[in-house]
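Please treat every number below as a calculation from the coordinates, not as lab data. Note that the structure is predicted; figures quoted are calculated from it, not measured. All Cβ positions, even for glycine, are placed from backbone atoms using ideal geometry, and neighbour counts span all protein chains on display.
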Amino acid sequence: MGNKKLVSRWGRFLCSAVVIGMISSVGYAAEEVEVKKAETTEVKKAEDAVNQPVWYVSYDKALAESKKAKKPVFAFFTGSDWCSWCIRLHKEVLDKKDFLDWAKTKVVLLKIDFPRQGNLDAKQKAANDDLSKKFNVRGFPTVILLKDEGVEFARTGYRRGGEKPYITYLDQLLKKEAQAKADKKE
């Protein structure tokens, strides 16, 4: 009888060990799946970051890239940390994948920021102030489309509807400029 109790205890112990081992391996497998998901997400974010268009903060560098790439400049005058319409434009349009994909092939992005939290050095602040005066910017957000020589050909701001209607509108402005350029050559 004593041996049966001993075998029974060892049996229960072994069963318990097997069950605990199974639970641990399931937990480990689930943890491994979560790690793989996290790694995949990080890789995707890194790939997306590499494929994003550059937002220039230097007017001269944006113009140089515009000439090189033969694309107009999309100059975004913003108060990024205080202007509610600027923040909305950024969230609803400028941060969206469709817009960023469109921008990669159509324009050179230039951000001229006027934050209130003092995130700009004095040189950048002075350069942004000069650009605001040069282009007679009276409110925010203001988006100005510029030819590669820095001449304005269109101006807009916040528009309701999200990124798709905004892109459509920008395409209309670009098409109008392309037509004007073609007419001028004739």
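A simple rule links phi to the HN-Hα coupling: the Karplus curve 6.51 cos²θ - 1.76 cosθ + 1.60 with θ = phi - 60°, which for segment 70-79 gives 6, 10, x, 9, 9, 8, 10, 8, 9, x Hz, with x for Gly and Pro. Legend: residue pairs K96/K185; K97/K184; K96/K175; K123/K184; K134/K184, Cα-Cα distance threshold 29 Å; pairs beyond threshold, K96/K185; K97/K184; K123/K184. Here the spin labels are modelled as points 7 Å beyond Cα on the Cα-Cβ line, and at K67 and R116 they lie 3.9 nm apart. For segment 115-186, the spread of Cα positions along the three principal axes, ordered from largest to smallest, is 46, 32, 17 Å. The stretch between K125 and N51, if pulled fully straight at 0.36 nm per residue, gains 23.8 nm over its current Cα-Cα span.
Charge tally around D183: other residues with Cβ under 12 Å, Lys/Arg +1 each, Asp/Glu -1 each, net +2.
The packing ranking of peptides 112-119, 61-68, highest mean first, is 61-68, 112-119, where packing means the average number of other beta carbon atoms within 10 angstrom of each residue.
From the convex hull of the Cα coordinates of segment 53-185, what is the mean projected area in square nanometres?
Averaging across all directions leaves 7.8 nm² for the Cα convex hull.
The residues packed around R116, meaning those with a beta-carbon under 13 Å from its beta-carbon, carry a net charge of -1 if Lys and Arg are +1 and Asp and Glu are -1. Note down the net charge around A126, summing +1 for each Lys or Arg and -1 for each Asp or Glu among other residues with Cβ under 15 Å from its Cβ. Net of charged neighbours comes to -1.
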